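Structure, as structure tokens:
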Amino acid sequence: MSGIAYTRDHEVVQRLRPEPMTEAEIAAQALIDDVEFDIYKHKMHMIALEGKETTMKLGASTAMRWGDVAFGIFTAQGDLAVCATGIYHHAVLGQLPLKYIVKHWVNEPSVGVRDGDSFFYNDPFYGGVHNADMGLAVPVFHEGRLMCFIGAAVHTGEAGGTEPGGTCNTAKTKYDEGLLVPPIKIGENYQLREDILNMFAAMTRDARTMILDIKARLAAARIAQRRVLEVIDDKGPDFFIGALRRILTQTGEAARRRVAELNDGVYRQPRFLDTVGTDPGLTKINLTVIKKGDRITMDFENSSPLVEDRPINSFFQGILGLSCVYYCGWLFHDLPANNGLLEAIDWRFPDDAMVNAKGDASTSLAPLVQTCFTQGIFLAGARMTYSYDSSRSVAAWFSGFAIPTFGGLNQYGEGVADITPEINATGCGARPDMDGVNAAGAFFATMSDCSDVEATEADRPFLYTFRNFFNNSYGHGAHRGGSGVGFGLMVHDTQKFMLGSMGGGSRFPTTLGLFGGYAVPPVFVRTVMNSNLKELLAHSDARLPHNLAEVMAPDNPEQGDCQDNDVSMVVKPFNDGDTYYVAIGGGGGYGDPLERDPRSVLKDLRENLVSHWAARNIYRIAYDEASLRLDEDATRARRLAAREERKRRGKSYDEFARGWATQSPPKEALRYFGAWPNPRDGMAPPAARVVNG
Amino acid sequence: MTKVRITEYLDIALDSEHWCCNRCGHALGSARENYKHGCLVAERALEEVHPPLVEGGSYSFTPDSRYCRLVEFYCPNCGTMLENEYLPPGHPLTHEIELDIDALKRRHGVSA
């Protein structure tokens with residue numbers, strides 16, 4: 001094995017930007033006509049899109065079936081030139097395993113890379129996010145020459161470890177996380193190795209899903225391989241490799257031109273998490289965005305140190321990957337989603353930081369760390385771009401996950417382990433010209449869907465007691481965030497079914513508003529063991545709760561051992577009839593709520609998308625509750641009075657800051673934070689290590 | 001006077017190098033400093049914005065005040081909420097936009 005043997009390769013993960021052009025790629029540029037290039041780009045994108053759709057159609061896991069899929073075509077050096085996905089982090093991270101394969105296996109006699117091979121990987125050190133994200137890639141040869149790779153990265157919701165469902169709140173080191181596979185050959189001569197599949201199945205809880213997902217990725221890749229070979233036959237191999245590389249070059253050039261249009265300056269957005277997995281505690285991701293000329297630098301100095309013995313850490317490459325949810329989706333929304341975009345981005349991470357994990361540290365909750373950061377770059381980005389194009393300014397959306405994770409025997413006695421799909425039902429952040437879209441998706445999975453409840457009920461031992469909008473799930477504002485959903489699950493026809501939750505934000509909201517818009521409220525999980533809900537259902541009791549607000553109401557007739565839990569909830573056993581309730585957050589608000597059109601508030605009241613409490617106390621409108629008729633004069637007066645209240649309440653900045661600075665969180669909340677309030681004060685060495693910049 | 005829109009509620013008057021409230025035009029201080037220095041600032045009770053839906057529980061849809069506080073920034077003239085911040089108690093207020101004013105003036109053809 002060339003390079004560093006039998007340990008993680010820290011060199012290859014630095015190569016996030018496109019590799020230098022090869023001599024063949026340079027020579028091929030002269031062959032490429034602009035019109036033919038456009039036709040080629042479109043064709044290649046259609047091949048990738050077909051691959052994504054095929055993967056979804058054939059997959060078994062929740063995420064694969066509902067769109068958590070990235071399908072791409074990589075250069076022979078491993079750069080991801082063409083990618084079909086709404087999971088934009090994969091558009092820049094998906095290449096790292098390929099670069100590993102090129103570096104380590106092409107010239108390794110005991111492995112090699114040959115026509116008919118297939119490779120698997122799920123070590124997040126190379127994929128960047130977490131080990132539930134698993135990938136498969138195949139090389140494409142033409143007359144014996146390696147032309148490109150084709151691959152699919154998909155979230156398969158079970159990866160072994162201390163808890164089912166792909167994330168482990170209790171993990172203390174990487175060895176608690178389960179399956180962690182660096183790129184490995186799993187097929188030769190167009191055949192998968194059954195002994196290796198057998199090993200994967202033995203190391204995870206849901207063997208059927210694990211194997212079906214691998215075969216789905218491979219089948220889609222083989223279809224795309226046929227299509228690509230047709231293109232090569234049509235255009236010629238030199239045109240093909242030159243044009244594939246040109247996509248990356250053009251993307252980088254366009255990204256730099258876009259960045260040059262933005263105002264130079266420094267944009268700051270500190271982010272706070274309130275859980276480390278098994279226990280509460282504050283940590284800080286200190287994001288500073290420096291925009292100068294045609295470059296954006298993301299600096300993380302003074303972020304909390306690595307959290308030892310807890311899973312709330314991320315590799316730096318995962319943070320960079322998630323930044324592309326913003327870059328691909330908002331700033332560069334009209335450019336190809338590939339790692340050429342990073343030609344406009346620099347980054348600086350301190351060593352020994354929760355956003356730059358090293359050694360054997362667990363990163364099982366890295367998705368939570370990364371989304372918390374990403375919501376910050378949406379806010380910093382909104383301030384950076386408003387002057388250039390206000391439509392690019394959007395409040396944060398999603399929430400701190402709140403994913404039910406589960407494992408056990410389903411109603412047919414089969415082993416299942418996964419997540420439910422409601423993370424794809426969060427509401428969008430509000431925008432300058434509109435409310436956030438209700439139950440739109442996940443901000444990092446924009447092409448994904450939350451499925452019908454019946455599809456989930458078909459092979460999971462759940463009965464949804466309801467799933468609908470929850471009017472306390474978004475942030476208020478002149479434009480409100482899109483509503484998220486609340487839902488209830490009743491476990492049935494099984495016993496000792498393990499059910500937990502992954503997420504953050506039970507104490508400190510993760511999803512913030514913009515320009516005076518409010519945050520998404522905290523979320524938590526309610527569980528009721530020994531519930532009487534089945535009995536109430538059997539008697540068609542009309543008082544059954546139909547939404548999350550009714551679950552929380554004092555007159556809810558459900559009885560049992562009720563407990564409210566942190567949204568970061570270690571799995572516990574549920575028996576037949578036990579229930580579980582949670583809200584999936586919506587979007588943050590945009591602008592001062594006193595500027596919201598009163599007619600929009602009334603429309604929301606008619607549709608039960610806002611409470612009367614919020615209409616009166618946040619939006620300050622005056623209306624008749626029975627008829628929902630607006631009193632315009634009284635509304636005007638109430639809002640004017642609210643502004644006067646603010647002016648009486650407000651202090652000068654200096655006076656406020658003096659009193660404010662005397663406070664701090666309690667000591668137990670700062671156990672993992674580092675020095676207060678600047679986590680790295682006193683740490684040596686003081687200077688940030690420049691990872692790339 | 002050349003004004004440039006920076007955010008929903010903030011303009012910069014390039015000639016005088018001042019932040020201004022976009023709604024009423026009130027000057028909020030030097031554009032080379034944090035615009036929040038020119039705001040009225042108040043901490044809001046969390047329950048006034050995020051009411052508890054669970055009586056007396058440790059989880060209630062209201063942020064935990066030991067971990068999180070809500071600070072609001074108002075225009076001193078018109079009372080518009082220009083921004084708010086959710087911060088741990090006592091955490092320094094954020095200087096969130098620090099523009100290169102000389103570069104901004106060059107971009108808009110105003111002499112430095």
Of the residues in region B:30-62, those that are closer than 20 Å to A:ALA661 by Cβ and in contact with a helix residue (DSSP H, G or I) (Cβ under 9 Å, 6 or more places away or on another chain) come to B:ASN34, B:LYS36, B:HIS37, B:GLY38, B:CYS39, B:LEU40, B:VAL41, B:ALA42, B:GLU43, B:ARG44
Q: Kindly indicate whether A:PRO305 is surrounded by fewer than 24 Cβ atoms within 10 Å (Cβ to Cβ) and within 10 Å of chain B (Cβ to nearest Cβ).
A: no
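Being open to solvent by less than 10 Å² (accessible area, probe 1.4 Å), within 9 Å of another protein chain (Cβ to nearest Cβ) and of a type in the set (Asp, Glu) narrows it down to one of B:GLU72, B:GLU48, so name that one.
Numbers: B:GLU48 fails: open to solvent by less than 10 Å² (accessible area, probe 1.4 Å).
Answer to the check: B:GLU72.
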When (1) within 14 Å of chain B (Cβ to nearest Cβ); (2) open to solvent by 20 Å² or more (accessible area, probe 1.4 Å); (3) closer than 30 Å to A:GLY500 by Cβ are applied to A:THR288, the one that fails is (3)
When restricted to B:ILE97, B:ILE12, the only residue at the interface with another protein chain (Cβ under 8 Å from one of its Cβ atoms) and buried (at least 19 other Cβ atoms within 10 Å of the Cβ) is B:ILE97
Residue check, A:VAL259 out of contact with any Leu (no Cβ under 7 Å at 6 or more places or on another chain), more than 14 Å from chain B (Cβ to nearest Cβ) and either surrounded by 20 or more Cβ atoms within 10 Å (Cβ to Cβ) or outside any loop (DSSP other than H, G, I, E, B) (or both)
no
Scanning region A:124-162 for residues that are surrounded by 24 or more Cβ atoms within 10 Å (Cβ to Cβ) and charged (D, E, K, R) gives A:ASP133, A:GLU158
Over region A:83-116, the set of residues buried (at least 22 other Cβ atoms within 10 Å of the Cβ) and under 22 Å from A:GLU143 (Cβ atoms) is A:LEU98, A:ILE101, A:VAL102
By my count, strands (runs of 3 or more DSSP E) wholly in region A:422-534 with at least 2 residues that are buried (at least 24 other Cβ atoms within 10 Å of the Cβ) are A:485-491, A:497-503
**Condition check for B:SER60: more than 30 Å from A:GLU261 (Cα to Cα), in contact (Cβ under 8 Å) with a residue 24 or more places away in the chain and more than 18 Å from the chain's Cα centre (by Cα)** = no
Exactly one of B:TYR35, B:TYR67, B:TYR74, B:TYR59 is among the hydroxyl-bearing types (Ser, Thr, Tyr) and touching a Cys at 6+ places or on another chain (Cβ under 8 Å), and that residue is B:TYR74
With criteria (1) modelled with pLDDT of 95 or more; (2) more than 7 Å from chain A (Cβ to nearest Cβ), B:THR2 comes up short on (1)
Checked against (1) of a type in the set (S, T, N, Q); (2) free of Cβ contacts under 8 Å to residues at least 40 places away in the same chain; (3) open to solvent by less than 40 Å² (accessible area, probe 1.4 Å), A:GLN225 satisfies every condition except (2)
From the option list B:ARG66, B:ARG32, single residue qualifying as facing chain A (nearest Cβ under 7 Å), charged (D, E, K, R) and either within 30 Å of A:PRO554 (Cα to Cα) or surrounded by fewer than 17 Cβ atoms within 10 Å (Cβ to Cβ) (or both) is B:ARG66
Subset of region B:75-94, residues among the hydrophobic types (A, V, I, L, M, F, W, C), more than 7 Å from chain A (Cβ to nearest Cβ) and closer than 30 Å to A:TRP676 by Cβ, comes to B:LEU87
Checked pairs for region A:233-254, first touching a residue at least 24 places away in the same chain (Cβ under 8 Å), second of a type in the set (Lys, Arg), C-beta under 7 Å and 6 or more apart or across chains, list as A:PRO237/A:ARG145; A:ILE247/A:LYS41
Per the filter on region A:13-48, residues assigned to a helix (DSSP H, G or I) and open to solvent by less than 50 Å² (accessible area, probe 1.4 Å) are A:VAL13, A:ALA24, A:GLU25, A:ALA28, A:GLN29, A:PHE37, A:TYR40, A:MET44, A:ILE47, A:ALA48
Taking region B:15-27 and keeping residues touching a Pro at 6+ places or on another chain (Cβ under 8 Å) and surrounded by 20 or more Cβ atoms within 10 Å (Cβ to Cβ) leaves none
Filter region A:57-75 for residues that are among the small types (Gly, Ala, Ser) and surrounded by 24 or more Cβ atoms within 10 Å (Cβ to Cβ); the one that is nearest to A:VAL325 (Cα to Cα) is A:ALA70
Next item on the list: For region A:151-166, state whether one or more residues are under 28 Å from the mean Cα position of the chain (by Cα) and assigned to a helix (DSSP H, G or I).
Entry: no
Taking region A:192-210 and keeping residues surrounded by fewer than 19 Cβ atoms within 10 Å (Cβ to Cβ) and touching a residue at least 12 places away in the same chain (Cβ under 8 Å) leaves A:LEU192, A:ILE196, A:LEU197, A:MET203, A:ALA207, A:ARG208
Considering only strands (runs of 3 or more DSSP E) wholly within region A:551-652, the ones with at least 2 residues that are touching a residue at least 40 places away in the same chain (Cβ under 8 Å) and open to solvent by 10 Å² or more (accessible area, probe 1.4 Å) are A:561-566, A:569-574
Those residues of region A:337-359 which are open to solvent by 10 Å² or more (accessible area, probe 1.4 Å) and either at pLDDT 95 or above or among the aliphatic types (A, V, I, L, M) (or both) amount to A:ALA337, A:GLU343, A:ASP346, A:ARG348
Those residues of region A:366-399 which are assigned to a loop (DSSP other than H, G, I, E, B), within 12 Å of chain B (Cβ to nearest Cβ) and touching a Phe, Trp or Tyr at 6+ places or on another chain (Cβ under 9 Å) amount to A:TYR386, A:SER393, A:VAL394, A:ALA395, A:ALA396
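The values are calculated or read from the model by the stated rules, or taken from the named source; none is laboratory data. Quick caveat, the model's predicted, so the values are computed rather than measured. Neighbour counts run over all protein chains shown; Cβ positions are idealised from the backbone, glycine included. Heads up: the accessible areas ignore ligands, DNA and RNA and are worked out on the full protein's heavy atoms, side chains in. Shrake-Rupley method; radii C 1.70, N 1.55, O 1.52, S 1.80 Å.
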